[in-house]
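The next block holds one structure in the form of structure tokens; read it before the comments.
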Amino acid sequence: MNVRIRVPRFNAETDATPKFQEYTVTVTPQTTVLDALNSIRSEQDGTLAFRRSCRSGMCGSCGMLINGRNRLACNTRVVDLNNHEVSVNPLPGFPVIRDLVVDWDPFFAKDAVMLPYLVTDQPVPAEGERLQSRYDYERIDNAARCIQCGCCSSACPVQWSNGDYYGPAALTRAYRFVEDSRDTAVRARLDIVGTETGVWRCHTIFNCTSDCPKGVLNTENIQALKRKIMLTRLGLGSIAVKVHAPELA
Amino acid sequence: MIQHDVLIVGSGIAGMRCALEIKRQQPTADVALVTKLYPTRAPSVIEREGIAAALGNVRFDETGALVPSRGDRTFDSPAQHAADTLKYAEGLADPAAVQLLCEQAPKAVYELEHMGTPFSRTAEGRIAQRAGWGHTQPRVAYAADRTGHAITHTLYGELIRFGIKVYPEWYVLSLAHSANRAQGVVALDIRSGETVAFQAKATVLATGSYGRIFGRTNDTQSSTGDGLALAYRAGLPLQDVELVQFHPLGLYSTGFVISERILLDGAHLLNGKRERVLKRYAKELELAPLAVISAAIEHAIAAGDGAGEHKDHVWLDVRHLPANHLREHYPHLLEYAADYLGINPLEQLVPVLPTAAATLGGIPTNLDGAVLDAQQQPVAGLYAVGACASNGVNGANLLPGNALLSAVVFGRRTGAAIAAQLKAAPAHGDFPADALQQALAEVEALLHQQGDMRAGAVRERLLATMSAACGPLRQSELLTQHLGSLHELRAEFNRIALDDKGHVYNAELVEALELSRMLDWGEAIIAGALAREESRGVHSRSEYAAPSTAQHTLTTRQTDGTPQVSHVAAPDMPAVQA
Ligand SMILES: Cc1cc2nc3c(=O)[nH]c(=O)nc-3n(C[C@H](O)[C@H](O)[C@H](O)COP(=O)(O)OP(=O)(O)OC[C@H]3O[C@@H](n4cnc5c(N)ncnc54)[C@H](O)[C@@H]3O)c2cc1C
Ligand code: SF4
Ligand code: SF4
Ligand code: FES
């Protein structure tokens, strides 16, 4: 089967607006959008710029707007789009460097603001690991799936209109540590996210959750952060962050 | 010229763990990482199975089921882990290296946990562990089925905590050395197209595996073995690069590995006639060694017993296994099958065939990560860690979970060695005057080269050639023939012309640079496979069914560009202790 792939061509150094270009690619039922882009670059037009690495939906390099939805090119099969025309665009809301290649620096800078590492006033155990109950592990399991692909942030209308908004991926990162029973910097992170550029910007539109290729519950995480901030202000913060003892079987 | 005390090429688990250890031991050290990807996109993120360590958090009960150890953590030990590793390595591993790896393993894993790695948990709240192929005890510690991802993201957080500088999307082109000492690298800023010299007192190669040279592989599109090229082009030897582990359960169309644990759980392999593939090849059926299973699948397909329209694969049948067990333990199987083939393994057969899964050779180093030259002497200021290094722990086969473990253990150990070196603080040396010019010349020549071939076409032929020559079963005749094909491909590379002559984010240029390097060290793989006249571990030669003397191959590039292989005896195995 042949499909037509439409891509905006753009170079921030030389162009003011993108020009669209179409390529015809022969696909099989197994061909992914990434396979199609790879074949364009190697067989038709080497100037097409896009990122890729793992091919398996784990590295987060290949987030793109494909037929109107933010997804990973590498785990989207062309046949599943049910269309002979495929439009591929760079992630909306990100500055474009060239073609499908966007500037990640602002995205990772926001992530770094969240203190994306364990902060604790508990001493490191002399022997062995810190204990964590399965219940407490489950509380971070979903948020820890994030691959930093940007699909959520680029689906967020608030992000489009306000570039300073931390966006769902960074807020989920904060949530992952706030919920971690081993972390004690809850207050510090709630202060970071409880600002005008943080959770209070979110209008609970759910785009970020529906476009996440890893099933990360961004909107729910942001709502939970809002609740925690409110509880903390009422002096009840510890209720929500109580550590659960392991079920000593 | 950019200057740092230490420059680490690669931000996978090995590179980041190394950077971190230097900062922990020497907080004033100026450490930077250069990577051709963003740090959280390193190939380490796709590792799924786990990291091996004798923590003893779970044990097998009388029925063989896994249960928490209830405080009794004595039935597993680093010595047992080392014995399993040595057995699997089939005589080629260095017992001292393996002992070190296994002794340091629990501490290395606990440290990852202390940093916040979200490991799955036992009912007792300890790090969860599971059984692994070839491990006599359940010692593969895991974070759901995304252990590499969990560790990578945790170490990335540590880079931010310590404010370690990262240069993302810079492609390292060459090593700079003068006065018998590494002086840093020259790298291309992919985003701007600028080529820049980086000077450092210590340079660390942490560039990962090299599976991308095979047509069907589990590896990422970035696993192009650039680190091998950096060493090889600088006249340094490569060790055992012909040793590549093939996995029988590669998903049709992508080559992604489905965990071999599923065979222990009772999955079947069926041929085109829906008969058990292994019936004719191994009495243990699906519990035979993985290399035997891979070879059996290749034989079955060659004999016309393959499945599907093109008879080019076999079926993995899991339909008789409990659905909830599959959902809980093999989410990657269900996800891959749905995403890449549009099928449901609970009801349908899954097409599979052998795929290149792990690369075992690399740049020879000692146990402090110092790179060794052809005379086995350390090269001052140059280190290699992780999947690109060969320090004797791998041998002729690799146990699940040991690769991640060596990235962490030797990343850490090498970091400590470098921190100690820095205390003695040699000043920056003399950066070789022509290093930048030479690298620039390579890039400009490639950009402006005229010709009638496409880089993509040459790459396709290279991958096909390597798969044909160096698959699970290797033959002298084919190896010799394909050594010749590689010469031809090198000549063809000189006839390629790039479409993209620009400087800003020229991905075609980067892919062509990777290709030119693969054409160099690819030859070392074939030459090594030809020189290894035996069958041992992952390496099977049809003419030599048995192992011969245990020795490493060391392949160096001669002045005319052709590979030369020499052999070094592998350290003796200790007498087996009861
Ligand atoms: C699919 C898969 C499954 C695996 N399963 C297991 C398992 O079950 N258990 C286990 O223990 N191990 C497993 N491994 C192996 C293990 O994941 C690797 O050995 C380990 O992650 C390697 O880490 P690393 O840091 O050495 O390299 P990588 O994570 O590969 O990182 C390489 C780094 O080098 C950079 N780089 C490369 N070339 C250049 C250049 N020219 N210029 C600049 N930067 C460069 C890259 O950008 C990247 O940052 C698996 C590997 C794969 C691919
Ligand atoms: S829920 Fe919040 S973060 Fe998500 S898309 Fe809507 S506004 Fe953006
Ligand atoms: S939350 Fe989901 S969509 Fe957002 S960056 Fe993470 S994985 Fe991507
Ligand atoms: S290439 Fe890694 S997520 Fe698509």
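Every read-out reported here was derived from the displayed coordinates using simple, explicitly stated rules and does not represent laboratory data. Everything quoted here is computed from the prediction, not taken from an experiment. FYI the Cβ positions are ideal-geometry reconstructions off the backbone, even for glycines, and counts take in every protein chain you see.
The table for this structure:
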| read-out | value |
| --- | --- |
| The range B:402-413 - phi-based ³J(HN,Hα) in whole Hz, Karplus 6.51/-1.76/1.60, Gly and Pro as x | 7, 6, 4, 4, 6, 4, 6, 5, 7, x, 5, 5 |
| Cα-centred dipole magnitude for the range B:434-556, charges only on beta-carbon of K, R (+1) and D, E (-1), debye, nearest 20 | 400 debye |
| Charge dipole of the range B:59-111 about the Cα centre (unit charges at C-beta), most positive-ward option of B:A97, B:A82, B:P68 | B:P68 |
| Under-5 Å amide H pairs with B:S178, H placed in peptide plane, nonlocal only | B:Q183 |
| Surrounding net charge for B:Q438, when Lys and Arg each add one and Asp and Glu each subtract one, Cβ distance under 15 Å | -1 |
| Order of A:M230, B:M466, B:M518 under a 10 Å beta carbon neighbour criterion, fewest first | A:M230, B:M466, B:M518 |
| Efficiency of FRET between B:T63 and B:E194 - r from beta-carbon atoms, R0 51 angstrom, step 0.05 | 0.20 |
| Using θ = phi - 60° and Karplus 6.51 cos²θ - 1.76 cosθ + 1.60, couplings along the range B:291-297 (whole Hz; Gly, Pro as x) | 5, 5, 5, 4, 4, 4, 5 |
| Charge context of B:A96, other residues only, Cβ under 14 angstrom, K/R +1, D/E -1 | -3 |
| Largest-first ellipsoid semi-axes for the protein assembly as shown, taking √(5λ) over the Cα gyration tensor eigenvalues, angstrom | 36, 33, 30 |
| Residues B:S476 and A:A16, FRET efficiency given R0 of 51 Å [Cβ-Cβ distance, rounded to 0.05] | 0.25 |
| Inter-site label distance for B:A302 and A:E196 at 7 Å from Cα along Cβ, in nm | 7.2 nm |
| Projected-area mean, the range B:246-356, by convex hull of Cα positions, square nanometres | 6.1 nm² |
| A:V113, B:V204, B:V98 arranged by Cβ crowding within 10 Å, fewest neighbours leading | A:V113, B:V98, B:V204 |
| GNM result for chain A, Cα springs below 10 Å: residue of A:V193, A:V79, A:V124 fluctuating most strongly | A:V124 |
| Estimated 222 nm signal from helices in chain B, with DSSP H stretches of n ≥ 4 weighted -39500 (n - 2.57), rounded to 500 | -10500 deg cm²/dmol |
| B:K311 paired with B:A433, simple spin-label distance in nm, labels 7 Å along Cα-to-beta-carbon | 6.7 nm |
| Integer Hz, Karplus 6.51/-1.76/1.60 couplings in order for the range B:245-253, x for Gly and Pro | 8, 9, 10, x, 9, x, 5, 3, 5 |
| Computed magnitude of the charge dipole of the range A:105-233 (debye, nearest 20; Cβ of K, R +1, Cβ of D, E -1) | 300 debye |
| Amide H contacts of B:W170 (H built 1.01 Å from N, under 5 Å, at least 5 apart or other chain) | B:T35, B:K36, B:L37, B:I190 |
| Residues with amide H under 5 Å from that of A:I97, placed H, sequence gap 5 or more | A:V102, A:D103 |
| Charge tally in the Cβ shell below 11 Å around B:F256, where Lys, Arg are +1 and Asp, Glu are -1, B:F256 excluded | 0 |
| Antiparallel %, DSSP beta bridges [both residues in chain A], to 5 | 85 percent |
| Lys/Arg +1, Asp/Glu -1 at C-beta; the range A:105-233 dipole; positive extreme among A:N162, A:A144, A:F108 | A:N162 |
| Net dipole in debye of the protein assembly as shown [+1 Lys, Arg Cβ; -1 Asp, Glu Cβ; about Cα centre; nearest 20] | 1620 debye |
| Dmax and Rg, reported as Rg then Dmax, of the range A:1-158 (C-alpha, Å) | 19.5, 62 |
| A:S153, B:S253 arranged by Cβ crowding within 10 Å, fewest neighbours leading | B:S253, A:S153 |
